[in-house]
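A.B. asks: Provided herewith is a single structure, encoded as structure tokens, for subsequent inquiry.
Just so it is clear, none of the values below were taken in a lab; they were calculated from the coordinates. Bear in mind the structure is a predicted one, so any value in this text is a computation, not a measurement. Cβ: placed from backbone, ideal geometry, glycine included. Neighbour counts: every protein chain shown.
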Amino acid sequence: MKWQGRRQSDNVEDRRGLSGGKVAIGGGVIGIIILLLNVFGGETGQTVGAALEQMQGGQQTQTEAAAPLSKEDEEMGNFVRVILADTEDIWSKIFEEHGMTYKKPKLVLFKGSVQTACGGASSASGPFYCPGDQKVYMDLGFFEELKNKFGARGGDFAIAYVIAHEIGHHIQTLLGTSAKMRQAQEGKSEAEANKLSVALELQADFYAGVWTHYNQQNLDVDDIDEALSAANAVGDDAIQSKMQGHVVPDSFTHGSSEQRMYWFKKGFKTGDIRQGTTFEEIE
Ligand SMILES: [Zn+2]
């Protein structure tokens, strides 16, 4: 992605130097289970927070003095600021075209663990959006995991896609889709509730595609492949077959690899937010 020298957003809160210390449960089996529950977190920060609290058994992490960021950390921070600025510009314009006003969210970079309006979370949660404070939370270490454990090809646009997906959840919050979906989940069987969750997640992938459509002038040749490879790697079927050796479609909460790539591509091709009809089409 062509990002150097372009506008950077002021809405990134960089808490990486103020890490709450190393979180003992950051990796290993528990980390993977949490990641499995919550790849691209969506809006389940609360559940993860509760799980983390239980596993930590009330253990407090010490806040350490600010540690300086490496050059690479600084550069990644700048990249994220440019991507967030791109989402602000593009979504402001799309909202305006539909007679609405876009409210810019914040993006929090952290290392280790973080407190949010949806509860506490760690890097193992994967990136997520918390509707309670309208912030996206990301530990950039997730992308190493995506590459090393989940076989994504990596690249800067994999990160851009994930940010755009989380911003997609912000769009759904602004449009009231998330609240409607949660209401619709009430009283439903687990399988039915999961289907609604899949529709919400695939719509966030669709919105990531729409954003990419309006960002074409900044794309490098490999960028779409990088996004699709990330979408492929985080499909529920891909994760389940990797983690448990078999696939249980009723338990999908984010959609299969094929679905995630399909909806990203549809958004990218059409650039039309009205065509993100995942709730009508996912049966
Ligand atoms: Zn999501």
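A.B. asks: For the stretch 107-140, what are the residues that are within 16 Å of the ligand (Cβ to nearest atom) and surrounded by fewer than 19 Cβ atoms within 10 Å (Cβ to Cβ)?
C.D. replies: Matches in the stretch 107-140: GLY132, GLN134.
A.B. asks: Considering the stretch 110-148 alone, what residues qualify as being touching a Leu at 6+ places or on another chain (Cβ under 7 Å), among the aliphatic types (A, V, I, L, M) and over 21 Å from ILE239 (Cα atoms)?
C.D. replies: VAL136
A.B. asks: Scan the stretch 91-144 for residues that are assigned to a helix (DSSP H, G or I) and within 14 Å of the chain's Cα centre (by Cα) and jot them down.
C.D. replies: The answer is SER123, ALA124, SER125, PHE142, PHE143.
A.B. asks: If you scan the stretch 238-262, which residues turn out to be assigned to a helix (DSSP H, G or I) and hydroxyl-bearing (Ser, Thr, Tyr)?
C.D. replies: Within the stretch 238-262, SER241, SER251, SER257, TYR262 meet the criteria.
Quick grid of which residues meet (1) closer than 13 Å to TYR129 by Cβ; (2) more than 16 Å from the ligand (Cβ to nearest atom):
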residue	(1), (2)
GLU166	yes, no
MET181	no, no
ALA184	no, yes
ASN194	no, no
SER197	no, no
GLN216	no, yes
ASP220	no, yes
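A.B. asks: Consider only pairs whose beta carbons are under 8 Å apart and that are at least six residues apart or on different chains; among these, list those whose first residue lies in the stretch 219-248 and is in contact (Cβ under 8 Å) with a residue 40 or more places away in the chain and whose second residue is of a type in the set (Lys, Arg) and in a helix (DSSP H, G or I).
C.D. replies: ALA231/ARG260; ASN232/ARG260; VAL234/ARG260
A.B. asks: Checking the structure you have, find out if any residue of the stretch 91-106 is away from the ligand (no atom under 16 Å from the Cβ), buried (at least 22 other Cβ atoms within 10 Å of the Cβ) and of a type outside the set (A, V, I, L, M, F, W, C).
C.D. replies: No, the stretch 91-106 contains no residue that is away from the ligand (no atom under 16 Å from the Cβ), buried (at least 22 other Cβ atoms within 10 Å of the Cβ) and of a type outside the set (A, V, I, L, M, F, W, C).
A.B. asks: In the list PHE264, PHE279, PHE206, PHE268, which residue meets the criterion of being away from the ligand (no atom under 14 Å from the Cβ), crowded, with 21+ Cβ neighbours inside 10 Å, closer than 26 Å to HIS98 by Cβ and touching a residue at least 12 places away in the same chain (Cβ under 8 Å)?
C.D. replies: Residue meeting the stated conditions: PHE268.
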